[in-house]
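Quick note: the coordinates plus some simple rules give every number you see, no bench work behind them. The model shown is predicted, which means the values in this text are computed figures rather than measured ones. All Cβ positions, glycine included, derive from the backbone under ideal geometry; neighbour counts span all protein chains shown.
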Amino acid sequence: MAISNAQLVNIIRIQSAIAGLGFDLSAIINLVCAETLGLLGVDGAAVELTDGQDMVYRAASGIAAGQLGLRLPLSGSLSGLSVTSGSLLMCGDSESDARVNAPACRAIGLRSMLVAPLRHDGQTVGVLKAMARAPHAFGPDETELLGLLTDALAAAIHFATRFDMATLLHKATHDDLTGLPNRALFMEQLRAALGAAARRQRPVGVVLIDMDGLKTINDRLGHQAGDAALSELARRLRGITREQELAARLGGDEFTLLLADDDVGQGLPAVLGRVAGVACDPVPFAGHALPLSFSAGAALSPDDGTEPAALIARADQRMYAAKRRRRAARTE
């Protein structure tokens, strides 16, 4: 079966959406990763970029979403082979293909995959990977469609970076508006911190921060005002972040702090106090004073979990509980 007109229209739509994102490489790779699911009718997708001798999940969707930030050796995987060979590769069944990292495939729940190399400035810098739960899910049509997506993404990488690999990695791991680390880099650092904490028997803390009133600001004064508020919140969070902490923007109005100090277990209330102080002053914008308020929730390993998803979920629960208390207090 040949590629349909509807699929070609979708490719053009995706290309237009990429162009609309300008030089925001982080947003571009997340868009392409998400669009791969519907375009190819697959269960998961990922953009993996090389970092030294490793491959790192910089964007992930579907069944791969939980692997965001995962770092695996370049050798011993189909993605690594695609990078070193510069070839588009297909795996019909991960249980019988010696080229794949079988434990990693089982952790995701995939049985077949299609991996296309991403080239930038004369070298292969990563892959776009489509995944399916069923074996032998890919054929010539999916191969051609993934190739078209990869071409569009490679062009976007070229125009978004225009420089070297270090610039590419920075733009893929940092939020374009605020300059803070993005969700992918946060997840990578959280995984690394939890691994180190388990070896040293030290806790790791996560603080989730959800900004209040961004939609109201956007509706009243426009997105430039909302962007100003987000940028100022990021600047203030960066200002209170200590050497062994990481402030990141997860997306939209969500921010986070990763805490890996040796004394984080005893110092978490002080951290939350520093965070609360960020919202003291309004943000001046075009003659207006934009209110800057948010709700925060924290979680600490190992008591609240030892895996990234569990720790984030617990912090998220506490953050929304705090938000509900704030709303209730305003109505009393």
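Amide H to amide H distances under 5 Å link ASN101 with LEU78, where only residues 5 or more positions off or on other chains count and H is placed in the peptide plane.
Given axes a ≥ b ≥ c from the Cα gyration tensor, I'd like to know whether segment 5-173 is rounded (a/c under 1.5), prolate (a/b larger than b/c) or oblate. Taking the square roots of the gyration eigenvalues as a ≥ b ≥ c, segment 5-173 is oblate. Near the amide H of LEU74, within less than 5 Å, lie the amide hydrogens of ASP54, MET55, all on another chain or at least 5 residues away, with H placed in the peptide plane.
Counting only lysines at least 8 places from LYS323 when in the same chain, those with an alpha carbon closer than 30 Å to its own are LYS215.
Taking a ≥ b ≥ c as the square roots of the Cα gyration tensor eigenvalues, with a/c under 1.5 meaning rounded and otherwise prolate when a/b beats b/c, else oblate, which class fits segment 216-325? Prolate. Across segment 312-321, coupling constants 3J(HN,Hα) worked out from phi with the 6.51/-1.76/1.60 Karplus curve, θ = phi - 60°, read 5, 4, 5, 4, 5, 4, 5, 5, 6, 5 Hz, and Gly and Pro carry x.
Fully extending the segment from SER293 to ALA98 would add 64.9 nm, taking 0.36 nm per residue of separation and subtracting the current Cα-Cα distance. Spatial offset of segment 241-294 relative to segment 123-144 amounts to 40 Å, using the alpha carbon center of each.
Ignoring aspartates and glutamates fewer than eight residues from LYS171 along the same chain, the ones with Cα atoms less than 12 angstrom from its Cα are ASP24. Modelled label positions at ALA196 and GLN244, each set 7 Å beyond Cα in the direction of Cβ, lie 0.8 nm from each other.
Amide H contacts of LEU292 (H built 1.01 Å from N, in plane; Pro and chain starts excluded): VAL283 sit under 5 Å, all sequence-distant by 5 or more or on other chains.
Helical runs assigned H by DSSP (4 residues or longer) give the chain a calculated mean residue ellipticity at 222 nm of -15500 deg cm²/dmol, each run adding -39500 (n - 2.57) before division by the residue total.
Whole-Hz Karplus values for segment 143-154 come out as 4, 5, 5, 5, x, 5, 5, 5, 4, 5, 5, 4 Hz, taken residue by residue from phi with 6.51 cos²θ - 1.76 cosθ + 1.60 and θ = phi - 60°; glycine and proline positions read x. For a test of the definition: using alpha carbon positions, the gyration tensor, and the 1.5 limit on a/c, classify segment 135-279 as rounded, prolate or oblate. Oblate. Listed values for segment 267-282 are Karplus-derived 3J(HN,Hα) couplings in whole Hz (6.51 cos²θ - 1.76 cosθ + 1.60, θ = phi - 60°), namely x, 4, x, 5, 4, 5, x, 4, 5, 4, x, 4, 8, 4, 9, x, and x replaces Gly and Pro.
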